[in-house]
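In what follows, a single structure is set out as structure tokens and then discussed.
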Amino acid sequence: MNKKTLARLYEWFSSIVLIFFLVVRFAFHNNDTLYTIVYILVVAEGVIGLLTFKKRKPDWRILDITFNVILLLLGGLALVATYIE
């Protein structure tokens, strides 16, 4: 798989996760099961972004790494916060 295809797949996956997050957030209030699925997808997006970093070779490297680490941490903290209550 070449890097353009991989970058395009990652962008589509990121867009789908963002749209799913917004739909769940605004349409299904207080549904912990859907929130858990969304948060797991956000964590997966961060992990995939970090694992495919060398193959994708983004222009703004430090911002891409920071963004993926923030996604990973936010998704993990959101999962923990969902089940601590």
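For every residue, the table says whether it meets (1) modelled with pLDDT of 90 or more; (2) more than 11 Å from the chain's Cα centre (by Cα).
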| residue | (1), (2) |
| --- | --- |
| Lys4 | no, yes |
| Ile16 | yes, no |
| Tyr35 | yes, yes |
| Val43 | yes, no |
| Lys57 | no, yes |
| Thr66 | yes, yes |
| Tyr83 | no, yes |
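Note on region 50-81: residues that are touching a Pro at 6+ places or on another chain (Cβ under 9 Å) and touching a residue at least 24 places away in the same chain (Cβ under 8 Å) total 0. When region 1-19 is filtered for residues that are part of a helix (DSSP H, G or I) and either open to solvent by less than 70 Å² (accessible area, probe 1.4 Å) or aliphatic (A, V, I, L, M) (or both), the ones remaining, listed by number, are Thr5, Leu6, Ala7, Leu9, Tyr10, Phe13, Ser14, Ser15, Ile16, Val17, Leu18, Ile19.
The values are calculated or read from the model by the stated rules, or taken from the named source; none is laboratory data. Note that the coordinates shown come from a computational prediction; the quantities given were computed from them, not determined experimentally. All Cβ positions, glycine included, derive from the backbone under ideal geometry; neighbour counts span all protein chains shown. SASA here: full protein model, heavy atoms, side chains in, ligands and nucleic acids out. Shrake-Rupley method; radii C 1.70, N 1.55, O 1.52, S 1.80 Å.
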